[in-house]
1. What number of residues in segment 76-94 are at pLDDT 95 or above and assigned to a loop (DSSP other than H, G, I, E, B)?
2. Tally time: how many residues in segment 90-116 are under 12 Å from residue 79 (Cα atoms) and touching a residue at least 40 places away in the same chain (Cβ under 8 Å)?
3. Kindly indicate which of 22, 43 is at pLDDT below 95 and surrounded by 10 or more Cβ atoms within 10 Å (Cβ to Cβ).
4. Working only within segment 62-78, note down all residues that are without any contact (Cβ under 8 Å) to a residue 40 or more places away in the chain and surrounded by fewer than 16 Cβ atoms within 10 Å (Cβ to Cβ).
5. Looking at this structure, is residue 68 modelled with pLDDT of 95 or more and within 19 Å of the chain's Cα centre (by Cα)?
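The values are calculated or read from the model by the stated rules, or taken from the named source; none is laboratory data. Just so we're clear, the structure is a prediction, and the values are computed from it rather than from any experiment. Note: ideal-geometry Cβ built from the backbone for every residue, glycine included; neighbour counts use all protein chains shown.
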C-alpha cells in the first residue's frame, strides 16, 4: 500500500511527477486530495411551494424549521424577505421569481415560482 503524500502528483502506476509541473501524456492522472467524509456532505433542504402560480399568499411546506425566506426577481434584485412559511406576494408584479429558503441549520435551497 504505497500512499502518496499530500501535494504530490502521481500517475496510475504511482510514478511521482515533477513537483509544480504538469505533464500531459493523454493519460488519466490523479493527485492526493482531502478525503470527504459523511460529515462533510451538506444536508439537502427539501421544500415545496404552493400554490404555484400564486396570486396573494405563497405557502412554504418543509420538514425543518424556517430561518429565512428571500425572494429575488430574475434580474437578481431582492424584492421581499420573510421569516414565516406564508409570504404575502400580492404586491409583486406578474412574472417569475426565485425564492431562497434557509432552515435553522443553515441549509439553503432555491426554487422558482410564478406570480399571476
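1. The qualifying residues number 10.
2. 1
3. 43
4. If the condition is that a residue be without any contact (Cβ under 8 Å) to a residue 40 or more places away in the chain and surrounded by fewer than 16 Cβ atoms within 10 Å (Cβ to Cβ), then 63, 65, 67, 68, 72, 74, 75, 76, 77, 78 are the ones that fit.
5. Yes: the conditions hold for residue 68.
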